[in-house]
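**Q** Please find one structure pasted underneath; my questions will follow.
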Amino acid sequence: MPWVIEARRVWVSYVDGNPVLRGASLAAERGEVVSLLGPTGSGKTTLLLVLAGLLRPEKGEVLLDGTDLYSQLPGARRRIGLLFQNPDDQLFNPTVYDEIAYSLRTLGENEDTIRERVAAVARLLGIEAILERPPYRLSMGQKRLVALASILVYEPDILLLDEPLTFLDPDAARRVACIVRLYAKKGKTVILATHNVEAAAWLSNKTCILRNGVTHCTTPRELLEDNEIIERLGWLHPTLRLAKRLARDNLWRLIEEDRTNLEEECKL
Ligand code: ADP
């Protein structure tokens, strides 16, 4: 079985010619949550754009179900949902309802189906009360949830989420975390970019660190057990370093326990 989505040794340079990605690889299968970690500017967004079919690499391959993704466009776009890092880049309709309905309208769905599906996804994200509001008047956290709703509504097979938990309060962040696990449980694929190691370890089956244009993938447990990563890399969250010292070998067990709690909360 080929990977659902895979970048194989891809190279990307922007105008200055200095490559951001230098042979980066990332592969995800059905039911998997893969976290892409790395400092700001390491190329996480660039790699997500490559996987979304929006930025063709100069070298390397991007495969969807084992076949070149770029030769499957534009049809394959329906299978991929990309959540932009900045929700303002994604929202352009007059109301939240129109925003969420937009993709279904372009797919030619009838208005009754659209109403039902918008209501269901608004309930899932807890944004029923703001459906008639203009997106530009919302807080960044609300915009993030609306942008996510506008993707979930067309049920893509692959979710590419760029920093999905930023701007969210703890309740909303837990709700989004729930949805990520729920999506994977349904056999979908999630790739999320984050610089938050705790979130990555908590949510993922596989964690990939992007540095100097290449990725290095491990299990989340290996990530947490790597003392060099935990202690030396300045971009790690300080509470994780503290938790690691306090919990020692129990940290992975604690994270696993909370993941189980999360899945129970979501009634998976
Ligand atoms: P990350 O998501 O890890 O923060 P990005 O993929 O956004 O990293 O950016 C990687 C590098 O590429 C950064 O140095 C950024 O300034 C540069 N970059 C990103 N987009 C562009 C662009 N459109 N034109 C020129 N440089 C860019």
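**Q** Just the Cα atoms of segment 74-144: what Rg and Dmax do they give in Å?
**A** So, for segment 74-144, Rg and Dmax equal 12.3, 34 Å respectively.
**Q** Let me ask something additional. Choose one of 193, 255, 13: the residue whose Cα lies farthest towards the positive end of the charge dipole of the chain (beta-carbon charges +1 Lys, Arg; -1 Asp, Glu; about the Cα centre).
**A** The residue sitting farthest along the positive end of the dipole is 13.
**Q** With an 8 Å Cα cut-off and a minimum separation of 6 or more residues, compute the relative contact order for segment 12-141 in percent. Don't skip to the end; give the middle numbers.
**A** Values: 86 pairs, mean separation 22.5, N = 130.
Reported relative contact order: 17 percent.
**Q** How high is the FRET efficiency from residue 254 to residue 169, r the C-beta distance, R0 22 Å, rounded to 0.05?
**A** Details: r = 23 Å, r/R0 = 1.02.
Computed FRET efficiency for residue 254 and residue 169 comes out at 0.45.
**Q** Cα-based Rg (one decimal) and Dmax (whole number) for segment 114-177, in Å?
**A** 11.3, 31
**Q** What relative contact order, as a whole-number percentage, does the chain give when Cα pairs under 8 Å and 6 or more residues apart are counted? Intermediate results must be reported in sequence, preceding the final value.
**A** Working: 477 pairs, mean separation 66.8, N = 268.
Relative contact order, the chain: 25 percent.
**Q** Going down the list 44/143; 44/188; 185/206; 59/143, which pairs span over 25 Å between their C-alpha atoms? Each step should come with its number before you reach the end.
**A** Details: 44/143 21 Å; 44/188 21 Å; 185/206 15 Å; 59/143 35 Å.
Result: 59/143 exceed 25 Å.
**Q** On a full-extension model of 0.36 nm per residue, what is the gain between residue 71 and residue 112, subtracting their alpha-carbon distance, rounded to one decimal in nm? The partial results should precede the final answer.
**A** Values: separation 41, 0.36 × 41 = 14.76 nm, distance 3.40 nm.
Roughly 11.4 nm would be gained on extension.
**Q** Please give the length that would be gained between residue 56 and residue 105 if that part of the chain were fully extended, namely 0.36 nm times their separation in residues minus their C-alpha to C-alpha distance (nm, one decimal). Numbers along the way, then the final one.
**A** Numbers: separation 49, 0.36 × 49 = 17.64 nm, distance 2.77 nm.
Stretched fully, the residue 56-residue 105 segment lengthens by 14.9 nm.
**Q** Okay, next question. From the P(r) of the chain, could you give the percentage of C-alpha pairs in the tail past 26 Å? Please report the intermediate quantities before stating the final value.
**A** Details: 15241 of 35778 pairs.
Here the long-distance tail beyond 26 Å is 43 percent of all Cα pairs in the chain.
Where a number appears in this text, it was derived from the coordinates with a stated rule and is not lab data. Being a predicted model, the structure only gives us computed values, none of them experimental. Reconstructed Cβ throughout: ideal geometry from the backbone, glycine too, with neighbour counts over all protein chains shown.
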